[in-house]
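So the structure is just underneath, and the comments pick up after that.
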Amino acid sequence: MAPVDHQTADEAPLWKRLAWMAGIWAMSISALGVVAYILRLWIK
């Protein structure tokens with residue numbers, strides 16, 4: 001298996017840290033939307 005080059009958060013470039021933050025934020029908003037939609041269907 002090839003060695004993987006891990007970076008700490010301080011070594012990662014700013015754009016990569018911001019991309020991860022934006023991706024996690026978008027996934028959390030999507031998950032919240034799915035839960036809200038299911039609750040709306042269930043309550044109706």
**Message:** Between a residue in segment 17-33 that is closer than 19 Å to GLN7 by Cα and any residue that is not in a helix (DSSP H, G or I), which pairs come within a Cβ distance under 9 Å, given they are 6 or more apart or on different chains?
**Reply:** ARG17/ALA9; TRP20/ALA12
**Request:** Name every residue in segment 1-34 that is at pLDDT below 95 and among the β-branched types (Val, Ile, Thr), in order of residue number.
**Result:** VAL4, THR8
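The values are calculated or read from the model by the stated rules, or taken from the named source; none is laboratory data. All values derive from a computational prediction rather than experimental measurement. So basically every Cβ, Gly included, is an ideal-geometry build from the backbone, and we count neighbours across all protein chains shown.
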